[in-house]
Amino acid sequence: MFSATLSLRTGRYFRIAAGLVVGLWSAACLALAPPAAPVDVQATMDVLTRANAAVVGVRVSVAEGARSAETLGAQRSGSGVVIGPDGLVLTIGYLMLEAQSIQIVTQDNKTVPAQAVAYDLATGFGLIRPLLPLRGIQPVTLGKLQDLQTGEPLMASSGPQANGEDGDVTMIQLVSKRAFSGYWEYHIDSAIFTSPPVGNHSGASVFNQKGELVGIGSLLVADALGGNRRLPGNMFVPVDLLKPILAELQTTGSSHQSHRPWVGLTSAEQSGRVQIVRVSKESPAETAGLQPGDVVLAVDGAKVSTLEGFYKKLWDHAEAEVDITLTVLQGADIKTIVLKAIDRMNTMQKPVGI
């Protein structure tokens, strides 16, 4: 396993830092590639330098009374990357959830006001657009998850922040590609897992050796390898999930898949059981009397033993606002609880612009 993290500044400092990262990248590529596929160090440096130039910092203040402030904070910072000729920026959605004001910080430390374009609950992506032109920044090209191979070196890049903190470029490695279920009623059938861990991962971009964007940073994880094998790393949401819904997001502010039943549970998968860890305030789950420690045994009569199975059974309805029957183990008692699921997108304050 290899690791290199470098703080980037403008001008020659960026070129020096980029050169060091690509030097390490090239050494790793040479170790992995067959003799017939030599690494062109200068070409790799050029494409990664252009890719990194499109990475920006994202600073967000949320609306007063925003429910998400309790868990995500009222002031948030992370990264994004320019993907459109009009300056459209892709980031991770939780950064801009219920945003009141958004700022973009470019690699030359210029701060530009921005507006929310879309928040997508299903994928976790967010889109924002600068209110002033981002001059001199070329949008990145979107890559493909299927082209990535386990063990392949990748570059993670985070943007600078409004407080003057520099962005970072980090040398990482793809360690697995697999489905991911989050504790917050979230599941995607494919995700990118990398190591070593990147600390400033929120909205960070991960690029392949062609300089193509392949994922957006979401989480720190302890099991990047999967299979209950401990290896600290990150989960990145693959941009493959963005491609089929990008036009829809820009038109409507979310995808159709985001409008699905939500009950307001934080859950964990333990020893083949789904256990409730937290119940959201004023949620259908709280109204129905669900409590931390309860174990979900079945949804609408169908047994569930994994988070994936639990969520997919919840979402197996054409409408978001629907009655759902949960069979739960509450203490020593098995109870049948009927709750009225809701559309979570309707419970949150919409960022200005959506």
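Of the strands (runs of 3 or more DSSP E) lying entirely inside segment 102-202, those containing at least 2 residues that are under 25 Å from residue 41 (Cβ atoms) and in contact (Cβ under 8 Å) with a residue 12 or more places away in the chain span 153-157, 167-182, 186-195. Name the residues in segment 72-86 that are in contact with a Ser or Thr (Cβ under 7 Å, 6 or more places away or on another chain) and closer than 24 Å to residue 344 by Cβ, would you? Hits for segment 72-86 are 74, 75, 78, 80. Scanning segment 29-71 for residues being under 30 Å from residue 344 (Cβ atoms) and either modelled with pLDDT of 90 or more or in contact with a helix residue (DSSP H, G or I) (Cβ under 6 Å, 6 or more places away or on another chain) (or both) gives a total of 8. Out of curiosity, is residue 218 within 28 Å of residue 257 (Cα to Cα) and in contact with a strand residue (DSSP E or B) (Cβ under 6 Å, 6 or more places away or on another chain)? Judged against the criteria, residue 218 is a match.
Residue pairs whose Cβ atoms lie under 9 Å apart, sitting 6 or more positions apart in sequence or on different chains, and linking a residue in segment 217-245 that is assigned to a loop (DSSP other than H, G, I, E, B) to a partner that is among the acidic types (Asp, Glu), are 230/223; 232/223; 242/120. When the residues of segment 257-279 are filtered to those that are touching a Lys or Arg at 6+ places or on another chain (Cβ under 8 Å) and open to solvent by 20 Å² or more (accessible area, probe 1.4 Å), the one that is nearest to residue 183 (Cα to Cα) is 266.
Evaluate the following for residue 308: is it open to solvent by 40 Å² or more (accessible area, probe 1.4 Å), over 30 Å from residue 167 (Cβ atoms) and in contact with a strand residue (DSSP E or B) (Cβ under 9 Å, 6 or more places away or on another chain)? Yes; evaluated as a whole, the condition is true for this residue. When segment 237-256 is limited to residues that are of a type in the set (S, T, N, Q) and closer than 21 Å to residue 203 by Cβ, the one that is surrounded by the fewest Cβ atoms within 10 Å (Cβ to Cβ) turns out to be 250. I want to confirm something. Restricting to segment 157-210 and keeping residues that are among the polar types (S, T, N, Q) and under 15 Å from the mean Cα position of the chain (by Cα), which single residue is modelled with the lowest pLDDT? If we take residues in segment 157-210 being among the polar types (S, T, N, Q) and under 15 Å from the mean Cα position of the chain (by Cα), then 200 is modelled with the lowest pLDDT. Would you say residue 104 is surrounded by fewer than 24 Cβ atoms within 10 Å (Cβ to Cβ) and either within 19 Å of the chain's Cα centre (by Cα) or on the phi > 0 side of the Ramachandran plot (or both)? Here the answer is no, as residue 104 does not meet what is asked.
Checked against the criterion of being among the β-branched types (Val, Ile, Thr) and touching a Lys or Arg at 6+ places or on another chain (Cβ under 8 Å), segment 148-169 contains one or more residues that satisfy it.
Taking the criterion of being among the acidic types (Asp, Glu), within 17 Å of residue 237 (Cα to Cα) and surrounded by 21 or more Cβ atoms within 10 Å (Cβ to Cβ), would at least one residue in segment 130-149 satisfy it? So far as segment 130-149 goes, no, none of its residues is among the acidic types (Asp, Glu), within 17 Å of residue 237 (Cα to Cα) and surrounded by 21 or more Cβ atoms within 10 Å (Cβ to Cβ).
For the subset of segment 313-353 comprising residues that are in a helix (DSSP H, G or I) and under 30 Å from residue 128 (Cβ atoms), which member is least open to solvent (accessible area, probe 1.4 Å)? Filtering first and then ranking leaves 314.
The values are calculated or read from the model by the stated rules, or taken from the named source; none is laboratory data. Remember, it's a predicted structure, so these values are computed and weren't measured experimentally. Here the Cβ is made from the backbone with ideal geometry for all residues, glycine too, and neighbour counts use every protein chain on show. All accessible areas refer to the heavy atoms of the entire protein, side chains included, with ligands and DNA or RNA removed. Shrake-Rupley method; radii C 1.70, N 1.55, O 1.52, S 1.80 Å.
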